[in-house]
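Asks: My questions will all concern the structure given below.
The values are calculated or read from the model by the stated rules, or taken from the named source; none is laboratory data. It should be emphasised that the depicted structure is a prediction, and the values quoted were computed from it without experimental measurement. Cβ sites come from the backbone with ideal geometry, for glycine too, and all protein chains shown count toward neighbours. For the accessible areas, the whole protein counts, side chains as well, though only heavy atoms, and no ligand, DNA or RNA atoms are used. Shrake-Rupley method; radii C 1.70, N 1.55, O 1.52, S 1.80 Å.
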Amino acid sequence: MHQRTSLMSGIALASALMASPVAAQTLDIGISGDPSSLDPSRITGGVWEEDVLRDIFEGLIAVNAQGEMIPGAASDWTVSEDGKRWTFTLRDELRWSDGEPLTAEDFVFALRRQVNPATASNYAHRLYPVVNAQAVNAGDKPLDALGVESRDDGRTLVIHLEEPAAYFLKTLILPFGYPLPEHAVEEHGDAWSKPENIVVNGAFKPVSRVANTRLETARNPAYHAADSVSLEGVNFFPVEDKNAGISRFRAGELDILRDFPAARYQWLEDNLPEATRITPSLGSYYYAFNLAENSPVADRRIREALSLAIRREVIANQLLDGAVTPAHSLVPTGVNHYTPAVQPGLDEDMETRMARARELMQEAGHGPDNPLELTLRYNSSEEHQRIAVAVAAMWEPLGVEVEMRASEANVHYSELMEADFQVARAAWISSYDDAQNFLQLLSSEGTNNYGNYANPEFDRLLGEADRESDDDARRDMMERAEAMALADYPLAPIYLYSARNLVDPALNGWENNALDMHPSRYVSLDETN
């Protein structure tokens, strides 16, 4: 780690960083949580997990410093005229970090592992466009029925789709598209992903890990582009208390702090202007409602009232210092070739909304004289807590009494996956620019449909859009699907994300981008300072 003097201003920060030693060339990053696993088939899907895995694995498709899709382990690819067969040619002489050859068989093994029902991967549904993937995942067909195959002595991977899926190629940058070392998995079983056993194909290789504290990686000399990697290693530090993270950044303990609190934006802009990075990103922050029959929010009228009563402008502009944008939809406004729907009622003034909300609550049998008791879950952070407290105060005039429940990120999302909540904070940061990536959160087949929303017509429209090759027709289907779902109030949108990061000004190659993806292989320290 780079030893630096504690800094009190942006100018002092830049000056001290210029004087810092660079011999070690090791990057220290504060991430939002501790990865639940280093096995791409066993993660919960948190952005912090993808940040780590992106540095240690590489799929067929990768991203560059600008967040653009580029060739990864595949040198090139083609698609058949009917859009149902993708053929990928792997780079020459790919190797795992232990020196073993990496072939298309490793991708076949990985994709089968993702849909293996015994794996219980949160990414399995991403492969449902592939021939037989859903049947394999349901246990109705064997693993070798999955529509993936290795050809040309492992130089070529072919993926067969059930129907054309316009978004499918974009999704291959996600962890489900990473290869897995079958030889290491066979030798070590579930322990294969521990640092002492792990075998990877990315730019960096894990060397040690202390749970909830630190993950150390070192440059992987077997990586196909190792000669272009400047850093000797990357260290990841789970930092759920982001205010403490800011202090660690100012003290020189971190080179990068991911997702600083929005409420600190103006202070950081005033005091650390050269380090403060903010840019619009594709992400939605929302409250999910559990739609189970025994849930207190199973009644649509209650869900509508709760959503109407949230003062999003107050949260975005006052509580979070204007660093985010109030949300009225699930899909963010920045998604290409798409116009998000507005949840019904959110375009009205607050007086009208509150009158409607009170009326709905009374119809549902609740009010100040007969309060509705709710639990509101969120993952531990001061920002999430402040939002939860504010929302609870906004709901109080409706006769709603809120019990707060906070837990660390992995526990929180495990509870969401198990539908162990009534109302819960959730978020989705898109890894590719397509409305489908947000709408799948409400698909009855999606594993991140935390509230178990089920609408056959929504599923039908989304399924048809997935198969539609005409961009305009596909957009129209997705827009209709979102409008339909939002009218059922399965969630309450709260704000749209901005990518918010503190970045050492001495770093090169760390570029702002809408996907907020920053592979460390492109980062270097300015050795001229």
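Asks: By how many nm would the segment from Asn212 to Trp267 lengthen if fully extended, with 0.36 nm per residue of separation less the alpha-carbon distance?
Replies: Separation in residues times 0.36 nm, less the Cα-Cα distance, equals 17.0 nm.
Asks: Take each of the peptides 407-413, 496-502, 290-296, average the number of other beta-carbon atoms within 10 Å over its residues, and list them starting from the highest.
Replies: Top of the packing list down: 496-502, 407-413, 290-296.
Asks: Once you put a point 7 Å from the Cα of Asp241 and another 7 Å from the Cα of Asn294, both along the Cβ direction, what distance in nm separates them?
Replies: The modelled label-to-label distance comes out at 3.7 nm.
Asks: Further, regarding this structure: Can you work out the accessible area per residue across the stretch 46-145, with the rest of the protein chains kept in place, probe 1.4 Å, in square angstrom?
Replies: For the stretch 46-145, the per-residue accessible area is 40 Å².
Asks: Return the FRET efficiency for the residue pair Glu359, Glu163: r is the Cβ-Cβ distance, R0 is 51 Å, and the value is rounded to the nearest 0.05.
Replies: Computed FRET efficiency for Glu359 and Glu163: 0.70.
Asks: Here's a follow-up. Taking the Cα centre of each part, how many Å lie between the stretch 422-455 and the stretch 467-526?
Replies: The stretch 422-455 and the stretch 467-526 have Cα centres spaced 14 Å from each other.
Asks: Rounded to the nearest percent, how much of the accessible area of the chain (1.4 Å probe, protein heavy atoms only) is carbon and sulfur?
Replies: Carbon plus sulfur share of accessible area: 45 percent.
Asks: Give the span of the stretch 171-230's Cα atoms along each principal axis, as three whole-Å numbers ordered largest to smallest.
Replies: Reported extents, whole Å, longest axis first: 32, 27, 23.
Asks: Same structure again: What is the pair-distance distribution P(r) of the stretch 74-142, computed from all Cα-Cα distances in 10 Å bins starting at 0, with each bin given as a whole percent?
Replies: Answer for the stretch 74-142: a P(r) of 18, 39, 34, 9 percent.
Asks: While we're on this one: Among all the aspartates and glutamates, which ones have a C-alpha under 13 Å from Lys84's C-alpha, if same-chain residues fewer than 8 places away are not counted?
Replies: Of all the aspartates and glutamates, those that pass the test against Lys84 - Cα under 13 Å, at least 8 places apart if same chain - are Glu162, Glu163, Asp466, Glu468.
Asks: Rank-order 201-212, 76-87, 247-258 by packing density, defined as the average count of other C-beta atoms within 10 Å over each peptide's residues, highest first.
Replies: Top of the packing list down: 247-258, 201-212, 76-87.
Asks: Another one. Any idea what the dipole of the stretch 385-529 comes to, in debye rounded to 20, about its Cα centre with Lys/Arg Cβ at +1 and Asp/Glu Cβ at -1?
Replies: Charge dipole, the stretch 385-529, about its Cα centre: 380 debye, nearest 20.
Asks: Note down the magnitude of the dipole of the chain about its Cα centre, charges +1 on Lys and Arg C-beta and -1 on Asp and Glu C-beta and zero elsewhere, to the nearest 20 debye.
Replies: Computed about the Cα centre, the dipole is about 720 debye.
Asks: Here's a follow-up. Taking every eigenvalue of the Cα gyration tensor of the chain, multiplying by 5 and rooting it, what semi-axes result, largest first, whole Å?
Replies: In descending order, the three semi-axes are 37, 31, 20 Å.
Asks: Where nothing but the Cβ of Lys and Arg (+1) and of Asp and Glu (-1) is charged, how large is the charge dipole of the stretch 382-428 around its Cα centre, in debye to the nearest 20?
Replies: Dipole of the stretch 382-428, to the nearest 20 debye: 140 debye.
Asks: Going toward the positive end of the dipole of the stretch 132-234, with +1 on Lys and Arg Cβ and -1 on Asp and Glu Cβ, which of Gly147, Ala226, Thr171 do you reach last?
Replies: Value: Ala226.
Asks: Can you pull the one-decimal nm distance between simple spin-label points at Ala392 and Asn513, each 7 Å off the Cα toward Cβ?
Replies: 4.0
Asks: Same structure, new question: Rounded, prolate or oblate, given the Cα gyration tensor of the stretch 414-516, with a/c below 1.5 counting as rounded?
Replies: Verdict is oblate for the stretch 414-516.
Asks: Excluding ligands, DNA and RNA, what is the solvent-accessible area per residue of the stretch 152-266 at a probe of 1.4 Å, expressed in Å²?
Replies: Spelled out: the 1.4 Å probe surface of the stretch 152-266, per residue, equals 37 Å².
Asks: Cross-link partners among lysines for Lys194, C-alpha distance below 28 Å, same-chain residues fewer than 8 apart left out?
Replies: Partners within reach: Lys205, Lys242.
Asks: By DSSP, what percent of the beta bridges with both residues in the chain are antiparallel, rounded to the nearest 5?
Replies: 75
Asks: Taking 0.36 nm per residue of sequence separation and subtracting the Cα-Cα distance, how much length would be gained by fully extending the chain between Asp140 and Asp152, in nm to one decimal?
Replies: Roughly 1.4 nm would be gained on extension.
Asks: Obtain the nm distance between the two label points defined at Asn317 and Ser80 by a simple spin-label model: each point lies 7 Å from its Cα along the Cα-to-C-beta direction.
Replies: 5.5
Asks: Let me ask something additional. Can you give the FRET efficiency to the nearest 0.05 for Glu457 and Asp347, using r as the Cβ-Cβ distance and R₀ = 22 Å?
Replies: That pair, Glu457 with Asp347, gives E of 0.40.
Asks: Hey, another quick one. How much length, in nm to one decimal, is gained on full extension between Met404 and Thr87, taken as 0.36 nm per residue of separation minus their Cα-Cα distance?
Replies: 109.1 nm
Asks: Counting alpha carbon pairs within less than 8 Å and at least 6 residues apart, what relative contact order, in whole percent, applies to the chain?
Replies: It comes to 21 percent, rounded to a whole number.
Asks: Name the long-range amide H neighbours of Val400: under 5 Å, sequence gap of 5 or more, or other chain; modelled H, no Pro or chain starts.
Replies: Here the answer is Leu372, since their amide H atoms fall under 5 Å of that of Val400.
Asks: Of Asn122, Leu102, Ile61, whose Cα points farthest to the positive end of the dipole of the stretch 55-133 (charges on the beta-carbon: +1 Lys, Arg; -1 Asp, Glu; origin at the Cα centre)?
Replies: Of the listed residues, the answer is Asn122.
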